[in-house]
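The values are calculated or read from the model by the stated rules, or taken from the named source; none is laboratory data. Here the structure is a predicted model, which is why all the values come from computation and not from measurement. FYI the Cβ positions are ideal-geometry reconstructions off the backbone, even for glycines, and counts take in every protein chain you see.
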Ligand code: GRF
C-alpha cells in the first residue's frame, strides 16, 4: 500500500477527490498525513472530518528549508513515500524535493508547459487559447516543470470567464489526480528522463 502525504494551502477539493477514489477502492493507498502551511485552510477541517491525521505547520517566520525540514519530519514519521501537492501554494526547497526523488506529484490548472505559475486559467483566457486543461506532473526543482504524468483537456468557450473556465478545469482535475495516483500506486509508471512512460502492471512474484 502506498503511504501518501498530501500538502495543501486552501480548500482541498483535489485532496477530497483523492480520498473518494481511495475509499471507493480505486487506489491501493492510504493518506497517512495531511499538512497545511495555512493554519485556517478549510481543507484541514475536511481532512479531520474524514478521520485523517491533519496538521497545520505554519511557514511564517521560518526559512523555506527550515519549514520543509519540519514537513519532511512529519511525513517521515508517518512513513509517507509519495507526496501529493494539492493546492499547496509554496515553492519547495531542493532539500525537500531531493528527499522524495520522483515521488512528489503536483496538479496544475493548465496544459503545461503553457501557463505555469499563478492564475493559469486567467493566463489561458488572456492568451486566447481554444483548449485549456490540467496537468499532473512530477515535481522537480523548477516551477510547474517536471515530467508529465497525464493531462486532461477542456474546450474554452467564447462566453468563459476566469471562474467558469476554472470550474470546468477543476472537474477534470478531480478525475486526473486520482487517475495519476492510481498509476503510481499500482506501479504502472516508469520515469525515463523527462518522460513518464505508462507501463502495464508489474509482473507477479
Ligand atoms: C487547483 O486548481 C490546483 O490545480 C491548483 O490549486 C487549486 C487547488 O484547489 N494547484 P483545491 O484546494 O484542490 O480545491
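I'd like to check something: does the range 131-139 contain any residue that is free of Cβ contacts under 8 Å to residues at least 60 places away in the same chain, more than 18 Å from residue 18 (Cβ to Cβ) and surrounded by 15 or more Cβ atoms within 10 Å (Cβ to Cβ)? Talk me through it step by step, then tell me what you get.
First pass over the range 131-139, keeping only residues free of Cβ contacts under 8 Å to residues at least 60 places away in the same chain: 131-139.
When the remaining residues are screened for being more than 18 Å from residue 18 (Cβ to Cβ), the result is 131-133.
Checking which are surrounded by 15 or more Cβ atoms within 10 Å (Cβ to Cβ) leaves us with 132-133.
Scanning the range 131-139, I find at least one residue that is free of Cβ contacts under 8 Å to residues at least 60 places away in the same chain, more than 18 Å from residue 18 (Cβ to Cβ) and surrounded by 15 or more Cβ atoms within 10 Å (Cβ to Cβ), so the answer is yes.
Taking the conditions exactly as written (assigned to a helix (DSSP H, G or I), more than 17 Å from residue 180 (Cβ to Cβ) and more than 8 Å from the ligand (Cβ to nearest atom)), does residue 19 satisfy them or not? It would help to see each step written out before you state the result.
Numbers: assigned to a helix (DSSP H, G or I): yes; more than 17 Å from residue 180 (Cβ to Cβ): no; more than 8 Å from the ligand (Cβ to nearest atom): yes.
Taking the combined requirement at face value, the residue does not satisfy it.
So which pairs qualify, if the first residue must be in the range 1-28 and closer than 20 Å to residue 57 by Cα and in contact (Cβ under 8 Å) with a residue 12 or more places away in the chain, the second must be part of a helix (DSSP H, G or I) and more than 16 Å from the ligand (Cβ to nearest atom), the Cβ gap must be under 6 Å, and the two must be at least 6 apart or on different chains?
Close Cβ pairs satisfying both conditions: 5/75.
Tell me, yes or no, whether the range 51-66 has at least one residue that is buried (at least 16 other Cβ atoms within 10 Å of the Cβ), in contact with a strand residue (DSSP E or B) (Cβ under 7 Å, 6 or more places away or on another chain) and within 30 Å of residue 160 (Cα to Cα).
Within the range 51-66 (the criterion being buried (at least 16 other Cβ atoms within 10 Å of the Cβ), in contact with a strand residue (DSSP E or B) (Cβ under 7 Å, 6 or more places away or on another chain) and within 30 Å of residue 160 (Cα to Cα)), the answer is no, since none of the residues qualifies.
Select from the range 140-171 the residues that are in a loop (DSSP other than H, G, I, E, B) and more than 11 Å from residue 108 (Cα to Cα) and list them in ascending order.
To start, the set of residues in the range 140-171 that are in a loop (DSSP other than H, G, I, E, B) comprises 140-147, 156-161.
Passing the criteria: 140, 141, 142, 146, 147, 156, 157, 158, 159, 160, 161.
If you go through the range 87-104 one residue at a time, how many are outside any loop (DSSP other than H, G, I, E, B), away from the ligand (no atom under 16 Å from the Cβ) and buried (at least 19 other Cβ atoms within 10 Å of the Cβ)? Give the derivation first.
So the first thing to find is which residues in the range 87-104 are outside any loop (DSSP other than H, G, I, E, B), and the list is 94-99, 104.
Next cut, away from the ligand (no atom under 16 Å from the Cβ) only: 94-99.
Checking which are buried (at least 19 other Cβ atoms within 10 Å of the Cβ) leaves us with 96-97.
Selection size over the range 87-104: 2.
Pull up the range 162-182, narrow it to residues that are out of contact with any helix residue (DSSP H, G or I) (no Cβ under 8 Å at 6 or more places or on another chain) and under 19 Å from residue 127 (Cα atoms), then point me to the one that is farthest from the ligand (Cβ to nearest atom).
Ranking the candidates gives 164 first.
Given 25, 43, which one is closer than 21 Å to residue 179 by Cβ, modelled with pLDDT of 95 or more and either crowded, with 17+ Cβ neighbours inside 10 Å or touching a strand residue (DSSP E or B) at 6+ places or on another chain (Cβ under 8 Å) (or both)? Outline the logic, then answer.
On the way: 25 fails: either crowded, with 17+ Cβ neighbours inside 10 Å or touching a strand residue (DSSP E or B) at 6+ places or on another chain (Cβ under 8 Å) (or both).
Going through 25, 43 in turn, just one is closer than 21 Å to residue 179 by Cβ, modelled with pLDDT of 95 or more and either crowded, with 17+ Cβ neighbours inside 10 Å or touching a strand residue (DSSP E or B) at 6+ places or on another chain (Cβ under 8 Å) (or both): 43.
What are the pairs with Cβ atoms under 6 angstrom where one residue, in the range 80-92, is touching a residue at least 12 places away in the same chain (Cβ under 8 Å) and the other, located anywhere, is part of a loop (DSSP other than H, G, I, E, B) and within 11 Å of the ligand (Cβ to nearest atom)? Sequence gap at least six, or different chains.
Filtered contacts from the range 80-92: 87/9; 87/10; 88/9; 89/9.
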